[in-house]
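> What follows is a single structure, and I will ask about it in a moment.
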Protein chains: 4
Amino acid sequence: MTVRIGVIGAGWIGQEHIRRLTETIAGAQVTAVTDIDAERAAQAAKTAGAQVHPDGAALIAADDVDAVLVTSWGPTHAEHVLGAIAAGKPVFCEKPLATTSEDCLKIVEAEQAHGRRLVQVGFMRRFDQGYRQMKDVIASGRIGTPLIVHCAHRNATVPASYTSDMAALDTAVHEIDVLRWLLDDEIVSTQVIAPRATANKHEHLTDPQIMLFETAKGVRIDLEVFVNCRYGYDIQCETVGEEGLVRLPDPAAVGVRTAGAHSTAVLPDWTGRFADAFDTEFREWVANLAAGNEPTGPSAWDGYAATVITGATAEALTSGRIVPTDIPNRPAFYATGGHQ
Amino acid sequence: MTVRIGVIGAGWIGQEHIRRLTETIAGAQVTAVTDIDAERAAQAAKTAGAQVHPDGAALIAADDVDAVLVTSWGPTHAEHVLGAIAAGKPVFCEKPLATTSEDCLKIVEAEQAHGRRLVQVGFMRRFDQGYRQMKDVIASGRIGTPLIVHCAHRNATVPASYTSDMAALDTAVHEIDVLRWLLDDEIVSTQVIAPRATANKHEHLTDPQIMLFETAKGVRIDLEVFVNCRYGYDIQCETVGEEGLVRLPDPAAVGVRTAGAHSTAVLPDWTGRFADAFDTEFREWVANLAAGNEPTGPSAWDGYAATVITGATAEALTSGRIVPTDIPNRPAFYATGGHQ
Amino acid sequence: MTVRIGVIGAGWIGQEHIRRLTETIAGAQVTAVTDIDAERAAQAAKTAGAQVHPDGAALIAADDVDAVLVTSWGPTHAEHVLGAIAAGKPVFCEKPLATTSEDCLKIVEAEQAHGRRLVQVGFMRRFDQGYRQMKDVIASGRIGTPLIVHCAHRNATVPASYTSDMAALDTAVHEIDVLRWLLDDEIVSTQVIAPRATANKHEHLTDPQIMLFETAKGVRIDLEVFVNCRYGYDIQCETVGEEGLVRLPDPAAVGVRTAGAHSTAVLPDWTGRFADAFDTEFREWVANLAAGNEPTGPSAWDGYAATVITGATAEALTSGRIVPTDIPNRPAFYATGGHQ
Amino acid sequence: MTVRIGVIGAGWIGQEHIRRLTETIAGAQVTAVTDIDAERAAQAAKTAGAQVHPDGAALIAADDVDAVLVTSWGPTHAEHVLGAIAAGKPVFCEKPLATTSEDCLKIVEAEQAHGRRLVQVGFMRRFDQGYRQMKDVIASGRIGTPLIVHCAHRNATVPASYTSDMAALDTAVHEIDVLRWLLDDEIVSTQVIAPRATANKHEHLTDPQIMLFETAKGVRIDLEVFVNCRYGYDIQCETVGEEGLVRLPDPAAVGVRTAGAHSTAVLPDWTGRFADAFDTEFREWVANLAAGNEPTGPSAWDGYAATVITGATAEALTSGRIVPTDIPNRPAFYATGGHQ
């Protein structure tokens, strides 16, 4: 009944997920680990009581691996996901599904050829209580048809290695996925505006950025991405509909009154903000596997769309122009399940 | 059409009301001032372009005084209010109406003998937007019959001259009046509990205090009075009814996010908290006078009840016992108008 | 000491201001009224105890008129304001200062030729507590240099006579003025995006609209104008700076818990939202007049800028293009005072 | 490495915990179940893949039971807990530890005789994020020494079987435990006040009740228990200290604006409110067991104190008097660990 999982990539996020699957999620066991750094693989495997494999292919092929978790370097994702599909094994791939839309399409095609959904992509926000409540409110019709979404994604700071295109590829990608899901709609064009830049950033960086998206149904989305906002990690989302609006709550925190002010803490980084969402994401993934069901989280098609839209957004930043995404209609194969 | 007002007492609160009547409230003019300190009277009169009178009696008798405002030392209130009633002139008296219940009853009787309401007592909270909204919600039946009220009255600090009985006489008196009005009910007993005392106080003081009131209808009120709370001026009130509750808002203030916290300012003292209520209080008083109507604010009866209840509460602090207030039924004379 | 005011235009807003100057604001008296509708003028004059004049010119010339308040139909504003300047009398003009930028410039030039500020334009938001707190926070440096401002201006509904360009000319004009003042900056370009339209609107209308402004210092402003939002009147503003952000509060209102929800009322329309700001606006205007000072509220230059920017925004809606405002540098004459 | 747990009592709460240990908590396995109702035991055991035992004694003795979870009827708790101690097996007992203080003391003595902590009592609030944040704030010294705590515990409704003493025994017991822990203090006396009763209750019930507690350090606690408040499940707690206060947050929930109101949902019952706390409670318990550590949650001593204090409070309701608790000093054995 326990699902045996092989983990490809034992870096920070890989270790975190191994810990989660071992200590927090019932019904799962990490039985296999591989990493380009053998030492790191050995260490991670030891914690979990798992076996080390020389590479992804060997891990995927292992008898005691029921499902694969891909947390390696982005450019290697496609290879491992395709390998898992070829082996007929369920695979959970951290974002991005693949770094090129061509590779994403290969995965989409391979999965359809296999005939059954195997792939889930690691967009954890769909499992966050606040976004789920927001989706329920929209679905209930209380705020009417959605017309506009205002979002902000703020990080206190980023390392020097963070480049301007990562605002789309690594940061906005979370809003892009969750908004497609919230609105049950597709993003058809993207644009980036650069406000006055903050002085609190590495010189090469365009920060903040304002991204403007349009959906197939005409909804307009504005998203402030500000990765050196200094004051903390802050995620805002407000959907405005024909009859009202719904707004994401701030994380619950005690209120303190001292010295002339009422204050509540703002989280320092994202780890606390989406810890429950990560737990729920893996709990539901494992429960589906254990029950022999297809995954109900973000699909390969969602991973493909995210790669296309983030790429178009990075291009829009460079060109200063509105960039259409030209995403084809979702295949019937992904009509159900892909949108949980 | 302009109402000509004579002010007895030109101390801090008197000066503040003269400024208010001169600069902020339309339709009023301060024409006469008196004070035990002639210099202070002269200065205050000069600002308002008013005449100085040697004493309250002379001021009340002046032809250009349509109405009297009593802001002198508490023990002198009764004399001036009774003088104004004898002269048939409307009189606004800052709290307390009188320092003894006997004097309050004399005023109540004199006013009834006069046959028409002349007296209004300066309980400004009835004019605060928040309390008015709360009264509207209660009146609407949305929360059902009130059962419990939780209150807190916190000041950042008090001077050394502040004594333990002033927690009832000067501080809780505002809640006592506004709750009688909110609930349209009478307080029948009072009790005081002394929690662990704060170290941030003058040695002689019992601070904080928890006051427990019971009303004729059985509503229970708990009121925390904490006059050295350090962090600011903070007024809380929550009425719990059979179907729900209603809570006073904090004053509107911008929210600021910096350095890991979301914060809003807490007011440093009471002046900002009830500035609008004071304006409304005098605007409505002047408008009633100008229209030839009886005052609709707190009546002499309310002033009497407040003096009895605060006195009983001060006694309860000393005795440690539950003290009944034994307030008689409200006379028909005060049945309307006294509760706006 | 009382300032005698002549009111040109006795429609709804004129009557409201007459009431305000008569009943709420100390130190002012409405002595003269004129309106294109003689009946309406007579009625308004009667309430205030004022004299009726046949037209604006006669009213401006009247000896008992110290200052002029223009609340007539927009296209007539320029004529009356220029008339008041020619007569050397202070003039408060409801927005817009004039309906064309050419007329605004004539006023600006006439005032400069006069040599002293006479004109104040009726942008009341600068007198709102929330915006003033926000300006203080920005000025304090707590949030660092402003980079982005997010705004929303929502009305529950508008009449059939409301046209798409009024979203800029009549609605966004308030944000345009207050943001120039908040940021001490000029708007250099404007753009309008039309999201999916609400079904709850008259057919001819583009609603909602998203306006995007850029300032001389590079700040980017996004403003949602949604005049059929149904749920109430709602004004949002959040300024994001290099070190943090500051957000306008919602109006204080009691919280009510009943039937599975905690709720606070949203105002039905703008009257309650800015009632205090209107009071403060007129109180400060009258106080400046009484003291013989120049007005410190929005200047003719601010009125000119607003007309240019709203016109450019209406053009941007039609053209779908980014429209530069080409506002020249502010003349030294308006360097002080114009920005209070 | 997996902890094998035997569950005594397969009623609603037992089934819920079996589900939790099976589906949600990693590292645990329910291997044994017993219940007075054999059918119910069989069904619960089947879900978990566990074995049914005829009674608690047999279950405790089973080789494949590493630790015992007691969720049977309250009066049977003592027998099973003492059985587990006698067998030297860790035991988690849902509240109450025992229904009499005598039985609680027997457990305390048996555990001390055993020489090592085996017992944890099921007070889940200590594991709630909000309370933990509050304890951190108090411990940090930010609000100074605690002086007063204001609490409310409201349920939408209770069944006819709920009696007046259950307000203390079943409802307030949670605040009693969590406040002892929050304040690191003991409750020395208790008193109950009955406000006007709600009409929305079964006739026999005293509802609401206001409980007043005093601690050894002089902190005063007021707790409103209102189990037919109608509007939802609502837990409030505010600790007032010498320098400021800290207040429990409401659960995070999306804000919705429609039809003239901003609203957030209030939870219908307690299940959602403390779901995360239950998870954390069992996760930490299991982690301690797996690591061979003593439990760090509420101790047998805490269970004893809660039984004494709730009993005294039920007595105070009946007698109308202040009832001392006469709890002896905490034995050194419970000095560490008992207060996590």
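> With the checklist (1) without any contact (Cβ under 8 Å) to a residue 24 or more places away in the chain; (2) closer than 30 Å to B:GLY272 by Cβ in hand, flag the one item B:PRO90 doesn't pass.
(1)
> Return the residues of the range B:264-288 that are acidic (Asp, Glu) and under 17 Å from B:VAL91 (Cβ atoms); say none if nothing qualifies.
B:GLU281, B:GLU284, listed by residue number.
> Additional query: Kindly evaluate C:ARG220 against the criterion of being facing another protein chain (nearest Cβ under 10 Å) and closer than 30 Å to B:ALA259 by Cβ.
Yes.
> Can you name the residue in the range A:256-274 that is of a type in the set (Gly, Ala, Ser) and closer than 16 Å to D:VAL137 by Cβ and is also surrounded by the most Cβ atoms within 10 Å (Cβ to Cβ) among such residues?
Only one residue tops the list, namely A:SER263.
> So B:PRO146 passes all but one of these: (1) surrounded by fewer than 23 Cβ atoms within 10 Å (Cβ to Cβ); (2) more than 16 Å from the chain's Cα centre (by Cα). Which condition number does it fail?
All conditions are met except number (1).
> Shifting gears a bit: Of all residues in the range C:139-189, which are farther than 18 Å from C:CYS237 by Cα and in contact with a helix residue (DSSP H, G or I) (Cβ under 7 Å, 6 or more places away or on another chain)?
If the condition is that a residue be farther than 18 Å from C:CYS237 by Cα and in contact with a helix residue (DSSP H, G or I) (Cβ under 7 Å, 6 or more places away or on another chain), then C:SER164, C:ASP165, C:LEU169 are the ones that fit.
> Could you tell me which residue of the range D:168-182 is farthest from D:ARG247 (Cα to Cα), considering only residues that are more than 14 Å from chain B (Cβ to nearest Cβ) and among the aliphatic types (A, V, I, L, M)?
Ranking the candidates gives D:LEU169 first.
> For the range C:192-232, which positions are out of contact with any strand residue (DSSP E or B) (no Cβ under 9 Å at 6 or more places or on another chain), in contact (Cβ under 8 Å) with a residue 12 or more places away in the chain and surrounded by fewer than 17 Cβ atoms within 10 Å (Cβ to Cβ)?
Correct list: C:ASN200, C:HIS202, C:HIS204.
> Please go through the range B:206-221 and pick out each residue that is on the phi < 0 side of the Ramachandran plot and either assigned to a loop (DSSP other than H, G, I, E, B) or modelled with pLDDT under 95 (or both).
B:THR206, B:ASP207, B:PRO208, B:ALA216, B:LYS217, B:VAL219
> Same structure again: For the range C:114-162, give me each residue that is within 14 Å of chain B (Cβ to nearest Cβ), in contact with a strand residue (DSSP E or B) (Cβ under 7 Å, 6 or more places away or on another chain) and of a type in the set (S, T, N, Q).
C:THR145
> Here's something else I'd like to know. Need the failing condition index for D:ALA48 against (1) at pLDDT below 95; (2) out of contact with any helix residue (DSSP H, G or I) (no Cβ under 6 Å at 6 or more places or on another chain), just the number.
Among (1) at pLDDT below 95; (2) out of contact with any helix residue (DSSP H, G or I) (no Cβ under 6 Å at 6 or more places or on another chain), the lone unmet condition for D:ALA48 is (2).
> Would you check if B:VAL240 is crowded, with 21+ Cβ neighbours inside 10 Å and either among the basic types (Lys, Arg) or within 14 Å of chain C (Cβ to nearest Cβ) (or both)?
Yes: the conditions hold for B:VAL240.
Residue by residue, here is whether (1) in the same structural domain as B:HIS114 (by TED's automatic domain parsing); (2) out of contact with any Lys or Arg (no Cβ under 8 Å at 6 or more places or on another chain); (3) closer than 23 Å to B:GLU102 by Cβ; (4) not small (Gly, Ala, Ser) holds:
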residue: B:VAL7; (1), (2), (3), (4): yes, yes, no, yes
residue: B:LEU21; (1), (2), (3), (4): yes, yes, no, yes
residue: B:THR31; (1), (2), (3), (4): yes, no, no, yes
residue: B:ALA41; (1), (2), (3), (4): yes, yes, no, no
residue: B:LYS46; (1), (2), (3), (4): yes, yes, no, yes
residue: B:GLY49; (1), (2), (3), (4): yes, yes, no, no
residue: B:ALA57; (1), (2), (3), (4): yes, yes, yes, no
residue: B:ALA84; (1), (2), (3), (4): yes, yes, yes, no
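> Pick out the one residue from B:ASP185, B:ASP250 that is more than 17 Å from D:ILE148 (Cα to Cα), among the acidic types (Asp, Glu), away from chain C (no Cβ under 14 Å) and surrounded by fewer than 21 Cβ atoms within 10 Å (Cβ to Cβ).
Going through B:ASP185, B:ASP250 in turn, the sole match is B:ASP185.
> Here is a further query. Of the conditions (1) modelled with pLDDT under 95; (2) under 21 Å from the mean Cα position of the chain (by Cα), C:ASN329 fails just one. Which one is it?
(2)
The values are calculated or read from the model by the stated rules, or taken from the named source; none is laboratory data. Remember, predicted model here, so these are calculated numbers, not experimental data. A quick note on method: Cβ atoms are made from the backbone with ideal geometry, for glycine too, and the neighbour counts reach across all protein chains shown.
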